[in-house]
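**Q** Below is the structure I would like to discuss, written out as structure tokens.
Each reported figure results from applying straightforward, stated rules to the coordinates on display, with no laboratory input. Keep in mind that what you see is a predicted model, and the values were worked out from it rather than measured.
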Amino acid sequence: MQTASDSWTPQGQLANAVPIDTVVNADKSLTATYPKGAPVGHALTIKLQAVRNPSGKLVVHFYADNQSGQKISLMMGMFGNASAVDDQGNGLQLEEMDSAWTLQDNSDGDGDMIPGQPLHGDIVIDAPANGSTFNMYWAQAVGNGVGGSVTGIILIRDIPIS
């Protein structure tokens with residue numbers, strides 16, 4: 001049986017995304033942790049739960065907390081570096097001006113996540129034309145600490161849609 005991961009092969013920089021762990025929870029949310037193998041209290045933890053709203057958009061309940069000890073930037077919105085794609089790799093528009101967009105930015109002003117100050121809320125994305133999953137990624141998300149540049153890509157595959 002072909003899974004969504006089998007239908008799209010990331011190319012270019014996305015092919016070199018940092019390794020992460022992902023778990024699909026019983027409530028159809030997905031939890032991702034970075035670095036791969038790190039326990040939750042010592043990692044970047046991202047939890048996503050996507051539901052279709054009546055207007056045909058995806059409302060993605062988003063929660064991210066950076067306890068990794070590394071420089072992490074998950075900027076989203078008009079000036080952010082987050083993107084979403086469907087199961088075939090086709091881009092999905094993040095609807096920054098949608099009234100359902102409630103993401104709270106608790107970064108340090110440069111977009112970097114501060115430990116113990118999670119980034120959370122709802123983001124709105126165009127729903128894929130078909131399929132029951134989608135993918136999100138952040139370019140320039142992972143750095144190497146104080147003074148280091150933020151260059152690594154976080155790619156979360158096969159996020160379920162309720």
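**Q** How many Lys pairs in segment 1-133 lie less than 18 angstrom apart by Cα atoms, where the lysines are 8 or more positions apart or on different chains?
**A** The number of close lysine pairs in segment 1-133 is 4.
**Q** Determine the gain in length on full extension of the stretch I114-N16; use 0.36 nm per residue of separation and subtract their C-alpha separation, reporting nm with one decimal.
**A** 32.8 nm
**Q** Still on this structure: Any idea how far the Cα center of segment 114-137 sits from the one of segment 37-56, in Å?
**A** If you average the Cα positions of each part, the centres end up 7 Å apart.
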